[in-house]
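What follows draws every value from the coordinates through simple rules; no lab data is involved. Just so we're clear, the structure is a prediction, and the values are computed from it rather than from any experiment.
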Amino acid sequence: MAAAQSVTPMMRRKTSWTGTPEIYFSRPIDNSRLVKVENQQKSREMKQFGVALACLFLLVMTFAWQHFRAIEYGYKIEALRVQRDGLTEINRALRLEEASLRDPERIDTLARRLGLQSPQAGQVMHMDTAVPDSSTPVMASVTPVSVISAR
């Protein structure tokens, strides 16, 4: 028991006020009478360094701008290429559908189902061919107009 009592006083906590306390006082420093001596050579070197750094910055930014514009144009070209391929495919499908719809056998079969008769000689007028003579009626025609200007 005595051993336990002798250890306890040594393990006591020490007080926080050991030694002399440190006290700090603020002291205002007046630098208004100091004069800065300007080094002309150092100033010139710093200006040259700034100009060189600005030129380097502009060079890098120009390169980056061109690079990113090239990438952007590449994406636009690829998008237009995909769009062109899609339109080409749609055009091919429409031409195929047009060819199947213009098939004379199909038109004849549909006409017979509707009870229509075959046309008589002289009733058929092909619109794709050249303009017929002026004595027959025409649905629409383009005639050239001569323009006379007076100066």
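Points worth noting:
- Cα gyration tensor, segment 15-93 - rounded (a/c under 1.5), prolate or oblate: oblate
- If the segment from V51 to L94 were pulled out straight at 0.36 nm per residue, it would be longer than the present Cα-Cα gap by 9.2 nm.
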